[in-house]
Amino acid sequence: EYQLAWKALLLGRTLVGMQTLDIIQAVAAIKKHSGFENLPVELHAMGKTGVAAQLAGALSPRFSSVSVEGSIGSWLEFAMAQRHVNLFSLVVPGVLDDFDIPDLLRLYRPGVLRVMRPVHPDGSASGH
């Protein structure tokens, strides 16, 4: 993960950004097939992929629900943490100049996003 995240940064991209785009494009491809275009799409992500899932859900109206389990809840908390567990894939340079993960909530229709058992950057339960 560390090497892949660095390679993405060297290309001027971020790993979490690439994962977000992958999710959106995969759903768009599925929706193109006959019989799938009107079906609801539920997105469930666990751990580090929860950030990409929340971003994808905020950017694309195709998701009827997005549930995230065991993911960090804030880039600010991540940036301020003295210790984190293998989260290099979530680095997005300058992101806090524009928004933090909790700010995504306002981009969702009511009831679409569900966050379960968020964690601190060190992997411990956040208790929210």
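The values are calculated or read from the model by the stated rules, or taken from the named source; none is laboratory data. Given the structure is predicted, the values throughout are model-derived calculations rather than measurements. Because the Cβ atoms are built from the backbone with ideal geometry, glycine has one as well, and the counts that use them run over all protein chains shown. Heads up: the accessible areas ignore ligands, DNA and RNA and are worked out on the full protein's heavy atoms, side chains in. Shrake-Rupley method; radii C 1.70, N 1.55, O 1.52, S 1.80 Å.
Amide H contacts of MET46: GLU69, each under 5 Å away and 5 or more positions distant or on a separate chain (H built 1.01 Å from N in the peptide plane; Pro and chain starts excluded). Loop-located chymotrypsin sites (Phe, Trp or Tyr not before Pro) in the stretch 1-47 (DSSP state not H, G, I, E or B) with no more than 14 neighbouring Cβ atoms inside 10 Å: PHE36.
Put a dot 7 Å past the Cα of SER34, heading toward its Cβ, do the same for MET80, and the two dots end up 5.6 nm apart. Principal-axis analysis of the Cα atoms of the chain puts helix 49-59 at an angle of about 50° to the longest axis. Rounded to the nearest Hz, the phi-derived 3J(HN,Hα) couplings of the stretch 98-106 under the Karplus curve 6.51 cos²θ - 1.76 cosθ + 1.60 (θ = phi - 60°) are 10, 6, 10, 3, x, 5, 5, 3, 5, where x marks glycine and proline.
Counting every pair of alpha carbons in the stretch 45-85, the share spaced more than 16 Å apart comes to 41 percent. Placing a label point 7 Å from the Cα of LEU9 along the Cα-to-Cβ direction, the residues of the stretch 69-104 whose backbone N falls under 11 Å from that point are 88-94. Of the trypsin sites (Lys or Arg not before Pro) found in the stretch 5-75, the ones in coil according to DSSP and having at most 11 other Cβ atoms within 10 Å of their Cβ are LYS32. Restricting the stretch 22-124 to GluC sites (Glu not before Pro) that sit in a DSSP loop and have at most 15 other Cβ atoms within 10 Å of their own Cβ leaves GLU37. Remark on the chain: hydrodynamic radius 15.3 angstrom, per the Kirkwood mean of 1/r across alpha carbon pairs. How much of the accessible area of the chain, probe 1.4 Å, is carbon plus sulfur, in whole percent? C and S fraction of accessible area: 58 percent.
Each residue of the stretch 84-97 was assigned a 3J(HN,Hα) from its phi angle through the Karplus curve 6.51 cos²θ - 1.76 cosθ + 1.60 (θ = phi - 60°); the sequence is 9, 10, 6, 10, 4, 5, 9, 5, 9, x, x, 4, 5, 5 Hz, with glycine and proline shown as x.
Taking every alpha carbon pair in the stretch 79-128, what does the distance histogram look like in 5 angstrom bins from 0, in percent? Going from the shortest bin to the longest, the percentages are 4, 15, 22, 25, 22, 10, 2.
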